[in-house]
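Everything below concerns the one structure shown next.
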4 protein chains.
Amino acid sequence: MIVIMLSEACAPVDRRRIIDTVQFAGTGLRVHTPALLSLSGDHKKIAALLADEPCVLDVAKLPAAYPRSARLKGRPRTTPVPLGNADVGEDFTVIAGPCSVENRSQLLTIAGAVKAAGAHALRAGAFKPRTSPYSFHGLGVPGLRLLAEARELTGLPVVTEVVDVRDIEVVAEHVDMIQIGARNMQNYTLLREAGRTRVPVLMKRGLSASVDETLLASEYLLDGGNEQVVLCERGIRTFESSYRFTLDLGAVAVLKERTHLPVIVDPSHAAGASGRVVPLALAAAAVGADGIIVESHHDPAAALCDGAQALPVGDLPDLMSRLVHACTAAGRSLRFETGDQVRGGGLLDRVHS
Amino acid sequence: MIVIMLSEACAPVDRRRIIDTVQFAGTGLRVHTPALLSLSGDHKKIAALLADEPCVLDVAKLPAAYPRSARLKGRPRTTPVPLGNADVGEDFTVIAGPCSVENRSQLLTIAGAVKAAGAHALRAGAFKPRTSPYSFHGLGVPGLRLLAEARELTGLPVVTEVVDVRDIEVVAEHVDMIQIGARNMQNYTLLREAGRTRVPVLMKRGLSASVDETLLASEYLLDGGNEQVVLCERGIRTFESSYRFTLDLGAVAVLKERTHLPVIVDPSHAAGASGRVVPLALAAAAVGADGIIVESHHDPAAALCDGAQALPVGDLPDLMSRLVHACTAAGRSLRFETGDQVRGGGLLDRVHS
Amino acid sequence: MIVIMLSEACAPVDRRRIIDTVQFAGTGLRVHTPALLSLSGDHKKIAALLADEPCVLDVAKLPAAYPRSARLKGRPRTTPVPLGNADVGEDFTVIAGPCSVENRSQLLTIAGAVKAAGAHALRAGAFKPRTSPYSFHGLGVPGLRLLAEARELTGLPVVTEVVDVRDIEVVAEHVDMIQIGARNMQNYTLLREAGRTRVPVLMKRGLSASVDETLLASEYLLDGGNEQVVLCERGIRTFESSYRFTLDLGAVAVLKERTHLPVIVDPSHAAGASGRVVPLALAAAAVGADGIIVESHHDPAAALCDGAQALPVGDLPDLMSRLVHACTAAGRSLRFETGDQVRGGGLLDRVHS
Amino acid sequence: MIVIMLSEACAPVDRRRIIDTVQFAGTGLRVHTPALLSLSGDHKKIAALLADEPCVLDVAKLPAAYPRSARLKGRPRTTPVPLGNADVGEDFTVIAGPCSVENRSQLLTIAGAVKAAGAHALRAGAFKPRTSPYSFHGLGVPGLRLLAEARELTGLPVVTEVVDVRDIEVVAEHVDMIQIGARNMQNYTLLREAGRTRVPVLMKRGLSASVDETLLASEYLLDGGNEQVVLCERGIRTFESSYRFTLDLGAVAVLKERTHLPVIVDPSHAAGASGRVVPLALAAAAVGADGIIVESHHDPAAALCDGAQALPVGDLPDLMSRLVHACTAAGRSLRFETGDQVRGGGLLDRVHS
């Protein structure tokens, strides 16, 4: 695929001329944004045609077909995505919280601990995709309301998964970042609709999705106009069965070469056991990921889902202080979220009132 | 999981007593149908409690948690699913047709050839899930209308994929069997809604779904009350890259042990090249599959998608006659669909008029 | 890789001139046989240089680097390998027998049944590669002697595995075909030495070897001068755990496109359970394999290794008659080995005397 | 498997009585060392029989069958393996050097840089297992001599691979640690013979070996009496093709739970590209590995093998200083090898003399 980058300041008349010039030089011309065109064809020939156009910043030949997620010359290495006080893609970001919203007390207790540890955002599922129809599927909309309350009390932004295209609107109203889960990474309908919102999206790599397929899936979001996309490696399916999934940190290194989208890591699902979560989280930071999303619970044994892999909230402070060193190894900083943003204070009092 | 089979003739009062008896003997009791209960617990203890109940046909201990798709003692090995004149799960069934509906002439030409070869159903995509948002995504509803016309002209039942939960109704109105594609096997929202229709469903195994996850996904359909479910092996993702996917015929053998649902095979996507389609189709019949679904085109080089793996329609008669022998090896018969059902006649005339 | 085929009748002076012509046109020129040269370089240029050489039959561009195993234009599709009265690669060949030689009575009982069923060769392990050092590792040389005796009594050729390079000589003395097991497919020392013998070799594909790596491994055998090589697909390692290995029949189809070496299939290790062996064996025949090698035992429950996957010898006749149909589907014949070659007669009497 | 740990000070008469007591309580009793017995059987029953034996330190039930590599209660978490001035398993160990010994100048230049960077050992291949018989296979014994010279000049211990069982003796004479490569992890003949030496062994996990199979393979070494075994994760084979192998750091976490053998990581083969080597090396340190073995070259573009993944030696100092932080994250120290051990000095002078 040939990608043509134009100056943002390119006048319409110049853009029109450029389009006229290249439209028959290749096939499948698309105008993704005023400054980004793509088509298939002979790179040399197209570059030659545009050699004298001052508006053209770059005529790049991509090895694959993802014009909007690809890292391009003359563009920033990473496009940060705001999440509360954090910018995912700049400082290292830690998102923590339970597998699912179970009840008010559980969520607020965990949210308080996440906040106290200095992590940057709260995660918890209100809609859970489960392998069996007979398992717990989450609280639904009441769960979203509890998430909104936790945000109100702690000041932490909240992240939650959406599984049904018909729920996108209500989810987008309640949370700061919508998660597309691994099982839905190729649910293109869901991606298209999430791409139409203007809420940041966290898109997990599918269990058997290649790096390139992951980037192509992100194009569904970007093509809809939603430019706030964060990718997440969460483990792939391989022959090994001594843990739950194979955390693919090599893919993180490759993604950071190929895309300007921030890339975070979920160490919990791969680990399958809480004792492995911290080591994998540190490895994720050391390999150069932009953050982690980690399942954490105040009472893992009682968790309604994935308790075995939940990091006790009491272990979050140690994780945070170790992450500082792993981030230093990777040449990156980790800023602790401080309490300044807590609106209203007295969180635990409120929780138990 | 413990599964309790009751006689269909069990009186409500007896069923009520049985439920009262077991409900505290285990956890998670579910009444799937009047004749099928499931719960978790101690198999011996529960079997003992029900030893004197004449209504109870079987108290089975399943190795996994799919009560409705599991093959049970005292039940037929296979539950046939009607598709036009065929019953998938009885005689070997051949479904053929193009990757996508491209236009009227293309579809009717291929449909005529499929019919002439003696195959049993026509497949073609109106809604195509594509890895890239910039690829051809199918004709949509006009494609469904062409499928209905092809059915009218040939008498062949038609099968097509649905990818958006909001399209289920319109698809169900136009076709004889709804396909859930491999990428959507864990799109539980789509499964739930397809389970609420009463149209037969062809559910493809996911690219990296285990046999047990495939059966659990089928429970979403069955749990919704749709009992007409056919499974389809279509190749899994492995390290091998000399073809497109690894066709997993061992999984077909395992599925036939574990489920009463019919199991067919798609040899086309795994093959990735048309010369390998016939060998893999024959292998599928020999291993004991209940049928195949094969991509076929009258002009593969001009196909809008997956042309490389499309079997030329001229090769269908040879495939059919070879399948007879492979079916014989597996101890099964293959009945050619005859022309009797063609309503209206003069197909090719109509096509080109 | 560029491969240059010469006429077998090419005069030395002509061959010398051809070599002089091409040796600086590419790199890494190798003279594999008097009629087969290979080098890396520009195909067009090299073909042009040789355009007027009457000795040159073909200048082929291979997608991969296996000049001697590759199927070449102007050469037979398959190079048969003699095994007793059979030629592997012509009629479909059935090799059967126990996982390991356990004792004289066991081996001769099974050999008699294999013979009676009309199969073509006997397999049994004298040296067993086992995952644990604490498992049964075979009888060693006494096992080889029993194999030789079984051959003497039944007339069936025998196939056994070699695992130690230092045992090749003694194994080659006792058997008709040496097996290189899957775990040793990249034990290049063993391959090199087996390539120096003139005993036919059955080389199994490694658990995670690609098709191309399998062909490259066979080059170690062929490069040593041993041209009697049979490949064997036996299942690869994937995420699926409901059976033992994923039998990769798609790879058989690809191998038959790429190599002139015969390709057989071991359905037993993939199956992991005897009830799946016959279906997978039939699928192997239907996909176009040149034969099967199947574990079979007269008393599977008592077998010292892999009893769960051993086909009871009583099931061999049914397998043979079903294979006839599967072979017909694939356009190939299956000739039953008759009793004519039994030297000495009275097999069962002798066994039990 | 039941493992019985005895006190090292157990008197022969007591040991004899213990053996008599348990030998019929289970099956397959083995006396691995005077202090370590194993058998299969009923854990409770065997533990009860030994309840009053003061010599018995532990009666452990292992989930798998590797009595000698398993981490056992009352034993050190890690058994260090000496390598020059380092103890692999204590401080973090860095082994670096070229894919293969190419010539004296190349090896000594790289060795000097490895030493100068503060790494702990030199690696380089004299015997190379190559997928194709037509590739460069190493210098052989002359390469070993160059390795010995590099050790003499730098004081660095040297590590090299052995691929042929007949070369073990000569390799053991020249180097400080023998490497068993990934392709030979199930070459049990080679493992058995390496187990008979008393030279430390670095055993790489196979491309598709499970964690448990890796530990079972190490038992071949330990069972031969060689207790100086280091394991190495180097990437597994999966569907992903955007890099060379999938580095499986989750397996490192699991190995550290299950075995007392040190576990190091080779980030180079997985990376396949030098820019990914440092990130993966840091991740290995952060996840808790005991060291790394990294391919490094002074002129990667000219390397005879694997140049694309060779870290330029000029990047080693930066790697070392980043590793310090990653080790801190994992709660471990990294000690730089200082120049004190250089015997004879004047390395570069000598190299170029």
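The values are calculated or read from the model by the stated rules, or taken from the named source; none is laboratory data. From a predicted model like this one, the values you see are computed outputs, not experimental measurements. In this analysis, Cβ positions are derived from the backbone assuming ideal geometry, glycine residues included, and neighbour counts consider all displayed protein chains.
Scanning the range A:211-227 for residues that are in a strand (DSSP E or B) and more than 10 Å from chain B (Cβ to nearest Cβ) turns up nothing. Within the range D:187-202, the set of residues being closer than 23 Å to C:Glu193 by Cβ and touching a Leu at 6+ places or on another chain (Cβ under 9 Å) comprises D:Asn187, D:Thr189, D:Leu191, D:Arg192, D:Ala194, D:Gly195. For C:Ala60, the conditions (1) in a loop (DSSP other than H, G, I, E, B); (2) within 18 Å of C:His32 (Cβ to Cβ); (3) modelled with pLDDT under 95 are fulfilled apart from (1).
Looking across the range C:271-293, just one residue is part of a strand (DSSP E or B) and not β-branched (Val, Ile, Thr), and that is C:Gly291.
Scanning the range B:1-17 for residues that are in a helix (DSSP H, G or I) and farther than 9 Å from B:Cys55 by Cα gives B:Pro12, B:Val13, B:Arg16, B:Arg17. Selection of the range D:241-250 for residues being facing chain A (nearest Cβ under 7 Å), part of a loop (DSSP other than H, G, I, E, B) and in contact with a helix residue (DSSP H, G or I) (Cβ under 6 Å, 6 or more places away or on another chain) yields D:Ser242, D:Tyr243, D:Leu247. Among the candidates A:Val114, A:Val165, the residue that is surrounded by 24 or more Cβ atoms within 10 Å (Cβ to Cβ) and in contact with a Leu (Cβ under 8 Å, 6 or more places away or on another chain) is uniquely A:Val114.
Any idea which residue in the range D:251-265 is nearest to D:Ser241 (Cα to Cα), counting only those that are in contact with an Asp or Glu (Cβ under 7 Å, 6 or more places away or on another chain) and more than 9 Å from chain A (Cβ to nearest Cβ)? Among those residues, the one meeting the criterion is D:Val265. Scanning the range C:1-41 for residues that are acidic (Asp, Glu) and touching a residue at least 24 places away in the same chain (Cβ under 8 Å), which turns out surrounded by the fewest Cβ atoms within 10 Å (Cβ to Cβ)? Looking at residues that are acidic (Asp, Glu) and touching a residue at least 24 places away in the same chain (Cβ under 8 Å), I get C:Glu8. Those helices (runs of 4 or more DSSP H) of the range D:89-177 in which 1 or more residues are within 14 Å of chain C (Cβ to nearest Cβ) occupy D:168-174.
Among the residues of this structure, B:Thr238 counts as one that is in contact with a strand residue (DSSP E or B) (Cβ under 8 Å, 6 or more places away or on another chain), facing chain C (nearest Cβ under 7 Å) and not small (Gly, Ala, Ser).
All of (1) surrounded by fewer than 23 Cβ atoms within 10 Å (Cβ to Cβ); (2) within 12 Å of chain B (Cβ to nearest Cβ) hold for A:Asn184 with one exception: (1). Residues in the range A:263-278 that are touching a residue at least 40 places away in the same chain (Cβ under 8 Å) and under 14 Å from the mean Cα position of the chain (by Cα) were compared, and the one that is surrounded by the most Cβ atoms within 10 Å (Cβ to Cβ) is A:Asp266.
Within the range A:303-330, restricting attention to residues that are within 14 Å of another protein chain (Cβ to nearest Cβ) and in contact with a His (Cβ under 8 Å, 6 or more places away or on another chain), the residue that is nearest to A:Ile110 (Cα to Cα) is A:Leu311. The residue pairs whose first member lies in the range D:193-207 and is over 22 Å from D:Ala251 (Cα atoms) and within 14 Å of chain C (Cβ to nearest Cβ), whose second member is of a type in the set (Ser, Thr, Tyr) and surrounded by fewer than 23 Cβ atoms within 10 Å (Cβ to Cβ), and whose beta carbons are closer than 9 Å, counting only pairs six or more residues apart or on different chains, do not exist in this structure. Candidates D:Ala289, D:Ala285: the one that is in contact with a Cys (Cβ under 6 Å, 6 or more places away or on another chain), crowded, with 23+ Cβ neighbours inside 10 Å, within 14 Å of chain A (Cβ to nearest Cβ) and not polar (S, T, N, Q) is D:Ala285.
Inclusion of B:Thr79 among residues that are surrounded by fewer than 17 Cβ atoms within 10 Å (Cβ to Cβ) and of a type in the set (Val, Ile, Thr) is not warranted. I'm trying to understand the selection: among the residues of the range D:223-244, which are closer than 15 Å to D:Thr259 by Cα and buried (at least 23 other Cβ atoms within 10 Å of the Cβ)? Selection gives D:Val229, D:Val230, D:Leu231, D:Cys232, D:Glu233. Please specify each residue of the range C:54-72 satisfying the condition of being more than 19 Å from the chain's Cα centre (by Cα) and touching a residue at least 60 places away in the same chain (Cβ under 8 Å). C:Lys61, C:Leu62, C:Ala64, C:Ala65, C:Leu72, listed by residue number.
Filtering the range A:294-322 to residues that are under 19 Å from the mean Cα position of the chain (by Cα) and part of a helix (DSSP H, G or I) leaves nothing.
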